[in-house]
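Below is one structure, written out as structure tokens; the observations come after it.
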Amino acid sequence: FFSGFATSIIVALMYNFYITLLTLGLMPLIAVSLAWLVKLNSEQAQVKNRAYGAASAVAHESFTGLRTILSLGACGSFKKKYEASTEEARRVGVYTSLKLGIANGAMLASFNLLFMTIGLFSGWALQKQVNETGCNPAHGPGFPPTLNTLSIPCNKVFPVGDFSSGFGGIGIFIAMCCVAQAGQFLG
């Protein structure tokens, strides 16, 4: 697994050094939020079972001793015990659900931050390429030259298949795929 991880990172660095470092820099944030979410998911059932266990014990006690409870007129005290235990279970359920919702939000926010950062960087890289070379990908094969007369088609600047600049869309895409593959090797 380590060789696959290392190979993926090396290939990603070869295609686009910046996007690879940017993605790897945000990975700890995603890893922490994912670890928190997994921990809460695994603990949630145990916490709820403990909380509902008390209510279940009161219900079991009242049903097994129903004749005694009725003969002593202790229905009110058992009702109060059951209501208190179910209220505690509800409070625990709400609290764990709130924590789980915050953890889910943190996980989604970390992914949104990653995508936003990569999108902003990709837009900057594309604009840099257009400014430096005049190559505008929107003016590629199949688009009439009248759409954008200020730029020249990309295939006249870079031969088709030459992505050596790393700032082309394919370089960014391959770098992101390689980092994602490296993450799968770690998982």
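The values are calculated or read from the model by the stated rules, or taken from the named source; none is laboratory data. These figures come from a predicted structure and were not determined experimentally. In this analysis, Cβ positions are derived from the backbone assuming ideal geometry, glycine residues included, and neighbour counts consider all displayed protein chains. When the accessible area is computed, the model is the full protein with side chains, heavy atoms only, and any ligands, DNA or RNA have been set aside. Shrake-Rupley method; radii C 1.70, N 1.55, O 1.52, S 1.80 Å.
Observations
- Some residue of the range 37-56 being open to solvent by less than 90 Å² (accessible area, probe 1.4 Å) and of a type in the set (K, R): yes
- Exactly one residue out of L114, L98 is assigned to a helix (DSSP H, G or I), over 25 Å from G53 (Cβ atoms) and of a type outside the set (F, W, Y): that is L114.
- Residue count for the range 57-78, restricted to those that are more than 20 Å from A89 (Cβ to Cβ), assigned to a helix (DSSP H, G or I) and open to solvent by less than 70 Å² (accessible area, probe 1.4 Å): 3
- Residue list for the range 94-131, filter: among the β-branched types (V, I, T) and touching a residue at least 60 places away in the same chain (Cβ under 8 Å): T117, I118
- Residues of the range 92-107 satisfying the condition of being closer than 16 Å to A35 by Cα, open to solvent by 20 Å² or more (accessible area, probe 1.4 Å) and among the small types (G, A, S): G101, G105, A106
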